[in-house]
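The values are calculated or read from the model by the stated rules, or taken from the named source; none is laboratory data. Please read all numbers here as calculations on a predicted model, not as lab measurements. Note that we place each Cβ from the backbone using ideal geometry, even for glycine, and neighbour counts take in every protein chain shown. Heads up: the accessible areas ignore ligands, DNA and RNA and are worked out on the full protein's heavy atoms, side chains in. Shrake-Rupley method; radii C 1.70, N 1.55, O 1.52, S 1.80 Å.
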Amino acid sequence: MKKTLKIIFLLSFSLFSAQNYRFVYEYKMRPDLAKKDSIITDYMNLDSDGRKSYFYNSVKYERDSIYNVDKSFSALLASKRYDRNLNYILEKDHSGKTMNLYDKFKGINLVIADQEMPVWKVQKEFMNIDGMSCQRAVTDYKGRKWEAWFSKDYPISDGPYKFSGLPGLVVKINDTENNHAFHLIQVKKMKSIFALLPKNNKKTSDFDYKKFLSGYTFTPDDIESINMDSKAGTMGVQLKDGYITQLDLNDLKKSGKGNPDAEMARLLMKTNNPIELN
């Protein structure tokens, strides 16, 4: 019986791996440890062909795709926004069991290799989530304790961020303090998967990358360009890490209490509550 089930799973996996899927996750994160109610909701895509997968911010992908066609800076400013902490792209090679994280720091494209996969403990607990039969699993990973619910409805050993290695797709996962939580909200069949990896990347260690981020403080030197629109009362800001946003001048003055530069630095700061603690 076990052998038969294994054959069925392998057959399902081979059929699945011949197709391209996009799994869309709602991502809730608490970027500021000092403010327990500082919850940000964003959306992340997991593109998979069964052999490789790419995890990235959905809005950033839409914006980059549009910009690559028309090179319109004004269109970028008018488009949807995403959180600055989600500039990265995560590539997973399931055959080689390797992961590469791509990010940009102060104008330099970085790539960070990682082979530390989560070590799961599968529990005998089951729950139906959005019509999918799911099973619970837990892990201690990168300094946090995580609870995941995975489903074999999609025979792929993958999930959001670096959470792969379970006998199925991660449908829902959060750390025990609810600082970070992912929830699968949509599944799409795609003709092709993500294909916008950055070029000319500098290899750096995971230790050095985290050291860069932990020691980071926003300064005016991080700004690539500013586009003032006094009529609309807005300021478009492009940073050297590629992040682009539009700020309201009145809000900067009001919230900054006479110090708009300090308020801009607060709005553009990096999280002090990263998904990985070590």
Checklist line | Debye, to nearest 20: dipole size of segment 14-166, +1 on Lys, Arg Cβ, -1 on Asp, Glu Cβ | finding: 360 debye
Notebook entry, point to check: Taking GluC sites (Glu not before Pro) that fall in a DSSP loop and have at most 13 other Cβ atoms within 10 Å as cut points, what is the longest piece of the chain between them?
Noted result: 1-115
Next item on the list: Return, ordered by residue number, the residues of segment 257-276 whose backbone nitrogen is under 12 Å from a label point located 7 Å along Cα→Cβ of residue 106.
Entry: none
Margin query: Under the rule a/c < 1.5 gives rounded, and otherwise a/b versus b/c splits prolate from oblate, where does segment 158-278 land using the Cα gyration tensor?
Written below: prolate
Next item on the list: Please work out, to two decimal places, the log10 of the ratio I(q)/I(0) at q = 0.13, 0.27, 0.28 Å⁻¹ from a Debye calculation in which every Cα of segment 194-247 carries one identical scatterer.
Entry: -0.52, -1.09, -1.11
Check: Which ³J(HN,Hα) values in Hz, rounded to whole numbers, follow from the phi angles of segment 161-166 under the Karplus curve 6.51 cos²θ - 1.76 cosθ + 1.60, where θ = phi - 60° and Gly and Pro get x?
Finding: 6, 9, 8, 10, x, 8
Next item on the list: Mind putting a number on the dipole of segment 177-218 about its Cα centre? Charges go on the C-beta only, +1 for Lys and Arg and -1 for Asp and Glu, and I need it in Debye to the nearest 20.
Entry: 380 debye
Checklist line | Amide H contacts of residue 154 (H built 1.01 Å from N, under 5 Å, at least 5 apart or other chain) | finding: 169
Notebook entry, point to check: Cα gyration tensor of segment 144-221, axes a ≥ b ≥ c as square roots of the eigenvalues: rounded (a/c below 1.5), prolate (a/b > b/c) or oblate?
Noted result: oblate
Next item on the list: Work out the length of the dipole vector of the chain about its Cα centre, built from +1 on the beta-carbon of each Lys and Arg and -1 on the beta-carbon of each Asp and Glu, and round it to the nearest 20 debye.
Entry: 640 debye
Next item on the list: Take every DSSP beta bridge with both residues inside the chain and express the antiparallel ones as a percent of the total, to the nearest 5.
Entry: 95 percent
Next item on the list: Please work out whether segment 88-220 counts as rounded, prolate or oblate from its C-alpha gyration tensor, where a ≥ b ≥ c are the square roots of the eigenvalues and a/c under 1.5 means rounded, while otherwise a/b larger than b/c means prolate and anything else oblate?
Entry: prolate
Check: How high is the relative contact order of the chain, in percent, with contacts defined as C-alpha pairs under 8 Å that are six or more residues apart?
Finding: 19 percent
Checklist line | Selection of trypsin sites (Lys or Arg not before Pro), segment 173-260, meeting DSSP coil and at most 16 other Cβ within 10 Å | finding: 191, 199, 231, 240, 257
Next item on the list: Can you give me the three principal axis dimensions of the chain from its C-alpha atoms, in Å, biggest first?
Entry: 71, 41, 37
Next item on the list: At 0.36 nm per residue, minus the direct Cα-Cα distance, what do residue 203 and residue 88 gain on full extension? Give it in nm, one decimal, please.
Entry: 40.0 nm
Notebook entry, point to check: So what's the net charge close to residue 21: Lys and Arg +1, Asp and Glu -1, counting the other residues with Cβ under 9 Å from its Cβ?
Noted result: +1
Item checked: Positive minus negative residues near residue 31 (Lys, Arg vs Asp, Glu; Cβ under 12 Å) -> +3
Check: For the chain, list the DSSP H helices whose alpha carbon atoms reach 18 Å or more along the long axis and whose average Kyte-Doolittle value is 0.5 or above?
Finding: 2-17
Margin query: Starting from 0.36 nm per residue, how many nanometres of slack lie between residue 265 and residue 219 once their C-alpha separation is accounted for?
Written below: 15.8 nm
Next item on the list: Using just the helices of the chain, give the 222 nm mean residue ellipticity in deg cm²/dmol: DSSP H runs with n ≥ 4 each add -39,500 (n - 2.57), and the total is spread over all residues, rounded to 500.
Entry: -6500 deg cm²/dmol
Check: How far, in nm, would the chain grow between residue 188 and residue 248 when pulled straight, counting 0.36 nm per residue and subtracting the alpha carbon separation?
Finding: 18.0 nm
Item checked: Percent accessible area from carbon and sulfur atoms, the chain, protein chains only, probe 1.4 Å -> 53 percent
